[in-house]
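Below is one structure, written out as structure tokens, with a few remarks after it.
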2 protein chains.
Amino acid sequence: MKKYLLAPGPTPVPPEVLSAMSLPIIHHRAPEFLPVLDEAKKDLQWLFQTKNDVMILVSTGTGGMVASVNNFLNPGDKALVLNGGKFGERWTKICQAFGVQVEEIKVEWGYAIDPQTVKAALDKDPSIKAVYMQASETSTGVAHDTKAIAEIVKPRANTILVVDAITAIGVFDIKTDDWGVDIVVTGSQKALMLPPGLACVSVSDKAWAMADKAKNSKFYFNLKKERENLAKNQTAFTSAVSLIIGLREALKMMKAEGLENVFGRQQRLADATRAAYKALGMELFPKQSPSNALTAVCAPAGVDGQQIYKDLRVKYGITAAGGQDHLKGKIFRIAHLGYADTFDVITAVSATEMVLKGLGHPVEFGKGVAAAQEILCKK
Amino acid sequence: MKKYLLAPGPTPVPPEVLSAMSLPIIHHRAPEFLPVLDEAKKDLQWLFQTKNDVMILVSTGTGGMVASVNNFLNPGDKALVLNGGKFGERWTKICQAFGVQVEEIKVEWGYAIDPQTVKAALDKDPSIKAVYMQASETSTGVAHDTKAIAEIVKPRANTILVVDAITAIGVFDIKTDDWGVDIVVTGSQKALMLPPGLACVSVSDKAWAMADKAKNSKFYFNLKKERENLAKNQTAFTSAVSLIIGLREALKMMKAEGLENVFGRQQRLADATRAAYKALGMELFPKQSPSNALTAVCAPAGVDGQQIYKDLRVKYGITAAGGQDHLKGKIFRIAHLGYADTFDVITAVSATEMVLKGLGHPVEFGKGVAAAQEILCKK
């Protein structure tokens, strides 16, 4: 059985990238590596829409999140965490692990953060040094309004905005510099179309100034040290050379497609997926502001969402995602970020139709597919 | 745009095979190559359902066809060619190139050869030394009845049956030994799931006896010389080492799936594809006995079949095939042989629906897909 990877990370790696990564390893201090990193770092700035340095860490996305806490805040500092899902929760846990006092704005899973609540919290407590949020909350499929929140944080000289854009960068518009987002984090195994192993973190001048006062001991996730090395087209420790070679290739592909076209494709795939599941009479989990990275779908009444996820994999070779924590069994998630195109959506939808019918749920074959086709045929 | 290869050869190469083929080249006379060829040749016998030697030539399938003429017949010998399409024609041309006298049983493209006409021709002229046919005529998508024709040829001591099974081996049942097929030819870029470059030819004792009397000068396609080398796990000239390493891997995958399961999958994909196009109100080109390797579909009235083929490629990244010779513009062909599965059919059908609508042809989205799903969901 052929295998399909339609999970919100890791995502499929394009053959062009796999091919580049399968070349013999070069040494990370060898002269031939320098132009590779130079090109990758510049193209990352293009992708992040920033003139800020984008540090490349050998870690998962969570490593980038950790670096975005311990490099900027001291124990006892106050942070505002916008928590609308599992990854919102993760910001809180990381902050707490470094002794940061956390205030949370918590919304029920499936809802987006209301920017006005952020304004109110910052007005109430101007000592808050950082706001931590997700641009795209992968556990619920909801996009929070980064632009509106950035407008609130930007004028405050002593507060930085830190955005986990792990399933947002390369999926939809994040204007790092225009909007004034201080720290943006992404991971390699999402829209960057790479295997897991890299976190990329952009840092604004405002955030660097805060970093100067951060006293936490940090050996590995030391962004200032990474920045010094980046200026020499190096990383502080051993560079993940294959991944960075792949990164250069993936960014080259994205530049050839063009950022607007990448976003347009992601929008079209997301629209088609949502239309398809709605046409099948299914409810989308996000109550508002769905992310273009993935579609979280509620299992129909009487059908175990976990079983849908399992049957997709076992009967049709498709790895999607189930629900996390209290959503386990209630939802399943179909990703369409990164190296995804028209027939990935058709595959996901037609397979879901067959899985549901196999589970005894009444389904009209082709109905969801048709709704997707109406959108996918328009380019 | 993601690319899909749904042509009747070359067909997609599985990642497992690509990976094996990307290892460093080994030398074709080195001791580590011998077990590779040994395993591949034995597994080819399994695939061909024969105890006969299966020679491995570095050539396209046509090279295997040439070898099946010049190694067995002399100038002036008589051959009966069963011609129901472009590849039937090719047998005639090859025979004529070697001075063989050809009698043809010709049927209109889209029809299968009636085995009784073969019997009548052989009864009428017992001096015919060989019958040349296609098990699957790729230009029309028709399967000729190899078993019934073999039953007619087998009892005749001075006549051999030569079957071009280039799009049949690994697609549907060809019982080489049980049916008594003397020569069976296939190519690497079809159900063997490899890049082009290899032809495989099995030869029966009856055919070898005829080869002893064949006087044509032959240096490259010398099957007796290949047979001697094969006994030593070698080929006469430089072995295509990467392709043979890939061949071993592809055959390993087919053995793991099991021959009955491979045939069952190919049958299911063919059934689903036919049902889908019929549901869309389209006519299948074969008037009888469609091959499970590919589906030739008539372009609807007023629609240029060549435009369907082009739009599939340009708008949706799908390489299918158009019509050949006088069928150009009249039909298009969707292959489902080799490394093909459920969602390749769904992809082909949903894309055709979108292409037809784009060309102004009335299409109900999802209708063909639904017909395919009814079959594909049953395993």
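All of the numbers you see were taken from the coordinates with simple rules; none came from a lab. For clarity, every value in this text was computed on a predicted model and none was experimentally measured. Cβ: placed from backbone, ideal geometry, glycine included. Neighbour counts: every protein chain shown.
Considering only the label points, 7 Å along Cα→Cβ from Cα, what distances in nm to one decimal separate residue A:330 from the same position in each other copy, shortest first?
Shortest to longest, the spacings are 6.1 nm.
Taking each residue in B:358-369, count the Cβ atoms of any other chain within 10 Å of its Cβ, then average. What number comes out?
4
Let me see the P(r) profile for the protein assembly as shown: every Cα-Cα distance counted, bins of 10 Å, each bin given as a percent of all pairs.
Percent of Cα pairs in each bin: 3, 13, 20, 20, 17, 13, 8, 4, 2, 1, 0.
Mind giving me the FRET efficiency for residue B:157 and residue A:256? R0 is 51 Å, r the Cβ-Cβ distance, nearest 0.05 is fine.
0.20
What are the nm distances, shortest first, from residue B:252 to its equivalents in the other copies, labels at 7 Å along Cα→Cβ?
Here residue B:252 shows inter-copy label distances of 3.1 nm.
Which distances, in nm and shortest first, link the residue B:27 label point to the same label point in every other copy, taking 7 Å along Cα→Cβ?
Nearest to farthest, the other copies are at 3.0 nm.
In the calculated pair distance distribution of segment B:15-256, what percentage of Cα-Cα distances lie above 32 Å?
Everything past 32 Å amounts to 17 percent.
For segment B:202-361, treating each Cα as an identical point scatterer without solvent, what Debye log10 I(q)/I(0) comes out at q = 0.12, 0.13, 0.18 1/Å?
Debye output, listed in q order: -0.74, -0.80, -1.03.
If you take each beta carbon of peptide A:10-18 and count the beta carbons of other chains within 10 angstrom, what is the mean?
Mean partner shielding for this stretch: 1.
In bins 5 Å wide, starting from 0, what share of all Cα pairs of segment B:101-181 does each bin hold, as a percent?
Calculated P(r), rounded to whole percents: 3, 15, 28, 26, 18, 9, 1.
Which of the peptides B:291-299, A:31-39 is most tightly packed, and how do the rest follow, judged by the mean count of other Cβ atoms within 10 Å per residue?
Top to bottom by mean Cβ count within 10 Å: B:291-299, A:31-39.
Please enumerate, by chain and number, the aspartates and glutamates with C-alpha under 12 Å from the C-alpha of residue A:252, excluding those fewer than 8 residues away in the same chain.
A:16, A:39, A:43
What is the antiparallel percent of DSSP beta bridges lying wholly in the protein assembly as shown, to the nearest 5?
50
With the contact rule set at Cα under 8 Å and sequence spacing of 6 or more, what percent relative contact order holds for segment A:310-379?
23
Residue A:119: which aspartates and glutamates have alpha carbons under 12 Å from its alpha carbon, excluding same-chain residues fewer than 8 sequence positions away?
Reachable aspartates and glutamates: A:151.
Nearest to the axis that maps chain A onto chain B: list the chain A residue whose Cβ wins, with the distance in whole angstrom.
In residue-and-Å form, the answer is A:366, 2.
Pick from A:186, A:140, A:62: which residue has the top mean-square fluctuation in a GNM of chain A where Cα pairs under 10 Å get a spring?
Maximum among the listed residues: A:62.
Checking the cross-link filter: which aspartates and glutamates have an alpha carbon closer than 13 Å to that of residue B:215, excluding same-chain neighbours under 8 positions apart?
B:77
How large is the helix-only mean residue ellipticity at 222 nm for chain A, computed as the sum of -39500 (n - 2.57) over DSSP H runs with n ≥ 4, divided by its residue count, in deg cm²/dmol to the nearest 500?
Value at 222 nm, helices only: -13000 deg cm²/dmol.
Relative contact order for chain B: what is it in percent, counting Cα pairs under 8 Å that are at least 6 residues apart?
Across chain B, relative contact order equals 23 percent.
For each pair in A:287/B:357; A:93/A:129; A:147/A:232; A:51/A:154; A:42/A:378, compute the distance between the two Cα atoms and list the pairs where it is over 22 Å.
Those over the limit are A:287/B:357; A:147/A:232; A:42/A:378.
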